[in-house]
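Each remark here refers to the structure printed beneath this line.
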Amino acid sequence: MARPVQRSAPAGSLSDWLRGRSDEQLIELLRRRPDLGLPAPADFGTLASRVSVRTSVQRAVDGLDAGLLRVLEALVLSLVDDRVEPAAAAALLGRDQLGPLLDPLLDLALVWGAPSTLHLVAGVREAVGMYPAGLGRPADVLLAAVSDVVLAPVLRNLGLPPQPQPQAGFTVADVLADGDARGRLLEASDEEELDVLRRLAGGPPIGLLREPIDAAGDGQSAPLRLVARGLLIPVDTQTVELPRELGLALRGERPLGPVAEHAPVVATTDRGPAEADRSGTTAVLELIRLVESLGQAWSRQPAPVLRNGGLGVRELRRTARELDGPEATAALVIEIAAAAGLVAMSHTVEPSFLPTSDYDLWRRHEPAQRWVQLAAAWLAMTRQPSLAGERDERDRPITVLGPDAERGTLPALRRQVLESLLELPPGGAPVRRADVLDRLSWRAPRRAAAQRSLVTAILNEADGIGVTSAGGLTGYGRALLAGSTTAAESALAIALPLPVDHILVQPDLTIVVPGPPEPELAHELDLVADLESTGGASVYRITDASVRRALDRGRTATELSALLATRSRTPIPQALSYLIEDVGRRHGVLRSGAAAAYLRCDDQALLDRVLAERTVDGLDLRRLAPTVAVSPVPVARLLEVLRSAGFAPAAEAPDGGVLTLPQDQPRAPSRAGGRIVRLRPAIDSGEQAAELVRRIRAGDSMRDIARRTQPLTQQVPGVTSASTLGLLRDAIRNGRLVWLGFVDSDGTASQHTILPISLAGGVLRGHDPNSARLLSYPLHRITTAGVVED
């Protein structure tokens with residue numbers, strides 16, 4: 001069990017205060033500020049120095065919620081001689097005492113000490129900023145930088161005699177700090193002047209002037225009149241600042257307002273978990289379809305890579321047309337597919353983006369498994385697709401898969417946004433997205449303004465890929481956040497509609513699939529028809545080109561007719577039968593073989609037409625006989641050009657049969673290290689923090705022992721001096737603790753404390769004073785030895 005450490009006297013330093021904290025409190029500190037433990041601190045002195053590091057303090061302050069930030073601002077405002085006045089801070093918040101409001105700040109080590117002697121950790125004032133709670137700097141600080149020329153009319157208006165600058169500054173500051181004098185100055189202000197003061201009092205306290213401060217005359221503006229009377233203090237020729245004393249007075253009895261201890265409530269609607277999961281499956285199936293379509297599109301026509309490594313605007317538009325969606329959706333799909341390792345850049349002279357071999361494996365998986373892989377990649381990826389098309393700081397467009405869309409903090413931000421939805425009941429969805437944004441703003445108000453657009457984009461993406469539905473988490477989205485891909489797959493498999501093995505052929509030559517098709521049926525439909533629309537049901541259309549595509553892949557007209565007749569629950573329209581028969585009759589009338597390639601046709605008139613076609617001039621066809629022509633290009637190229645010219649040739653085997661040429665799909669190399677996406681730390685952070693606390697206390701104890709060790713002998717490793725042997729023998733006779741410096745066989749140095757009992761055979765033996773275990777140390781590996789004082 002972790003032990004609380006009690007101190008009899010108040011801590012005199014930050015390291016002493018940390019040393020007096022209990023193990024549970026130190027574990028909480030390391031859990032909430034994990035950067036303090038990287039690498040492991042040697043002792044409490046090292047930990048105290050890291051607690052005060054500026055970047056670490058800034059990160060901790062930026063992570064405070066609105067309530068804790070307001071308490072910390074009150075502590076900063078109540079500083080007197082580097083010491084916090086808790087009563088003054090409580091008064092600023094309208095409370096009698098701070099009480100439990102301090103505990104979270106103590107847990108974060110932003111504040112340390114006893115309740116009556118609180119101190120701020122170094123760097124906290126800088127992290128909070130120049131204007132805590134929107135209040136300006138004290139008047140004496142501002143007046144110290146004001147010139148005599150600007151200060152002269154202020155002294156005259158306040159009825160103060162002209163004095164040297166430092167004394168004058170203090171005099172004006174005293175007037176502003178005096179409650180009665182300050183009240184008279186405010187009462188003498190007209191409504192226009194009070195309006196300016198109230199706006200600056202609400203924060204920020206800085207204002208810009210439309211005219212220079214040295215302007216004079218009866219027509220002065222309200223801000224200039226306030227400057228002349230000392231109520232606004234100039235920072236430069238165009239900027240003024242409201243002193244803190246006036247800002248506090250204008251805000252009233254509770255200048256920092258009530259502390260928002262609890263997050264804003266999010267109004268929800270309850271659809272039920274089953275309905276939420278069911279409604280999210282539409283986005284799930286659409287994401288799977290879009291990624292599959294992306295791989296097919298880039299297999300047919302790889303997307304070239306820009307010099308900066310991204311995807312060009314034209315290629316993004318072409319891909320969006322292939323996916324039949326907006327460019328923003330295409331950017332999201334491309335980034336997710338890349339993060340999942342399904343598409344990558346080829347390692348060729350002219351690199352391009354292609355599907356990887358992992359894409360082919362992914363297509364063979366069940367829909368639930370495919371979606372979980374994609375959603376897990378989205379959750380962990382460090383890229384923000386919504387930035388595509390925007391301009392960077394150099395006014396250059398940010399491209400999809402380019403380096404400028406990289407944001408290292410995005411995984412943590414996505415998890416923070418989605419975990420805020422975990423607080424809603426299962427199946428619940430927010431009535432207004434603004435409530436969710438307000439709740440997130442309360443959790444981290446200092447980051448809210450900069451991250452609001454990113455948070456909105458994350459919520460849109462989560463809805464678009466099925467992690468959420470109508471703003472509320474789906475069951476499989478909750479499981480994914482918990483780090484269980486197996487549970488997410490199971491929950492999604494239950495929610496998804498069962499795959500169908502049949503189709504409905506319509507008279508207009510369309511095919512309706514009333515649900516997700518089985519993998520085999522989906523493959524056949526991709527060959528014989530073109531996808532037109534998706535949703536709960538998918539719609540395909542059969543055309544001349546789609547039938548010819550199926551015939552090119554080795555299907556026959558008879559097989560296509562049999563496929564449709566077997567799978568369709570509706571009669572096959574006569575027009576469709578005629579279409580398949582007509583395309584099948586024309587398909588393969590022209591035959592191509594290897595000469596490099598030859599073209600054979602029993603219909604001389606058709607061969608005449610081919611030779612007369614201008615678009616095939618590049619094939620260099622040469623007629624050998626009335627029904628035979630040859631070409632120097634490969635067979636595959638010959639077939640491609642003839643098909644693009646509107647003919648329907650087929651490859652021919654040596655025996656005269658129709659030959660199906662293998663379709664070698666281009667592929668990019670798979671990502672090194674596989675496709676594993678880690679959803680949670682490999683080791684529980686609580687266990688790591690507990691081990692760190694144990695090591696820190698051990699190191700601190702060892703340092704304390706080293707300070708009490710006298711005398712201290714040093715020796716060269718491998719050589720045991722007479723003084724060391726004498727010191728060890730005396731310790732054995734007198735039963736004294738010995739502190740040893742030791743180097744193991746790997747050269748790693750360490751320190752140990754033992755109660756020695758024997759020295760023989762070149763080995764020192766003794767008991768560990770804490771565990772009473774028997775320990776042995778070869779003398780030639782001992783580098784330092786000393787007796788520990790009582």
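The values are calculated or read from the model by the stated rules, or taken from the named source; none is laboratory data. Because the structure is a prediction, the values reported are computed rather than measured. We place every Cβ from the backbone using ideal geometry, glycine too, and count neighbours over all the protein chains shown. The protein model used for the area step is the full one, side chains on, heavy atoms only, and it has no ligands, DNA or RNA in it. Shrake-Rupley method; radii C 1.70, N 1.55, O 1.52, S 1.80 Å.
Quick notes on this one:
- Residues listed by number, the range 606-628, amide nitrogen under 17 Å from residue 585 label point at 7 Å toward C-beta: 606
- Using the Cβ-Cβ distance between residue 394 and residue 144 with R0 = 41 Å, the FRET efficiency computed as 1/(1 + (r/R0)^6) comes to roughly 0.55.
- Inverse of mean 1/r across different Cα pairs in the range 167-313, Kirkwood, Å: 21.5
- Reciprocal of mean inverse Cα separation for the chain (Kirkwood radius, Å): 34.2
- Here the gap between residue 87 and residue 184, fully extended at 0.36 nm per residue and compared with their Cα-Cα distance, gives a gain of 32.2 nm.
- Residue 131 exposes around 70 Å² of accessible area when a 1.4 Å probe is run over every protein chain in place.
- Applying 1/(1 + (r/R0)^6) with r as the Cβ-Cβ distance of residue 306 and residue 530 and R0 = 25 angstrom yields a FRET efficiency of 0.25.
- Where only DSSP H runs of four or more residues are counted, the chain gives -13500 deg cm²/dmol as its mean residue ellipticity at 222 nm, each run worth -39500 (n - 2.57).
- Exposure rule at most 16 other beta-carbon atoms within 10 Å, DSSP loop GluC sites (Glu not before Pro): the chain longest free segment: 1-252
- Cut-off 15 Å (backbone N to label point 7 Å along Cα→Cβ of residue 49), residues of the range 100-117: none
- Mean accessible surface per residue for the range 1-131, computed with a 1.4 Å probe while every protein chain stays in place, in Å²: 46
- Selection among 701, 122, 109 by position relative to the dipole of the chain gives 701 as farthest towards the positive end (Cβ unit charges, Cα centre).
- Most to least accessible of 336, 757, 572 (protein chains only, probe 1.4 Å): 757, 572, 336
- Percentage of interatomic Cα-Cα distances in the range 56-104 larger than 11 Å: 67
- Cα-based helix-to-principal-axis angle, 433-443 vs the chain, degrees rounded to 10: 40
- Note on the range 394-438: with charges restricted to the Cβ of Lys and Arg (+1) and Asp and Glu (-1), its dipole about the Cα centre is near 140 debye.
- Between 0 and 90°, nearest 10: helix 722-734 axis offset from the chain longest Cα axis: 70
- Given +1 at the Cβ of Lys and Arg, -1 at the Cβ of Asp and Glu and no other charges, the dipole of the chain around its Cα centre is 1800 debye to the nearest 20.
- Rolling a 1.4 Å probe across all protein chains gives residue 262 an accessible area of roughly 150 Å².
- Note that the range 323-462 carries a Kirkwood radius of 16.8 Å, evaluated over its alpha carbons pair by pair.
- Stokes-Einstein diffusion of the range 12-154 at 10 °C, 1.306 mPa s viscosity, Kirkwood radius from Cα pairs, rounded to a whole number: 97 µm²/s.
- Just so you know, the Cα atoms of the range 288-381 work out to an Rg and Dmax of 12.6, 38 Å.
- Dividing the radius of gyration of the alpha carbons in the range 540-650 by their Kirkwood radius gives 1.05 for Rg/Rh.
- Lys, Arg +1 and Asp, Glu -1 on Cβ, resulting dipole of the range 398-511 about Cα centre, debye, nearest 20: 680
- Most positive-pole-ward Cα, 72, 86, 52, against dipole of the range 31-116 from beta carbon charges: 52
- Net length available on complete extension from residue 380 to residue 760 is 130.9 nm, with 0.36 nm assigned per residue and the Cα-Cα distance removed.
- In this structure residue 779 has an accessible area near 20 Å², from a 1.4 Å probe over the protein heavy atoms.
- Mean projected area (nm²) of the alpha-carbon convex hull when the range 586-642 is viewed from all directions: 3.4
- Distribution of pairwise C-alpha distances over the range 26-68, 10 Å bins, in %: 26, 57, 15, 2
- Taking the C-alpha atoms of the range 727-790, convex hull volume expressed per residue in Å³: 85
- The range 49-77-the range 758-782 distance, computed between alpha-carbon centres (Å): 48
- Residue-span extension gain [residue 199 to residue 419] - 0.36 nm each, minus C-alpha spacing: 75.6 nm
- For the range 243-399, the calculated P(r) over all alpha carbon pairs, in 5 Å bins from 0 to the bin holding the longest distance, is 1, 8, 14, 16, 14, 10, 7, 6, 6, 5, 5, 4, 3, 2, 0 percent.
- Radius of gyration over Kirkwood radius for the range 521-604, both on Cα atoms: the Rg/Rh ratio is 1.06.
- Degrees between helix 165-177 axis and first principal axis of the chain (Cα, 0 to 90, nearest 10): 80
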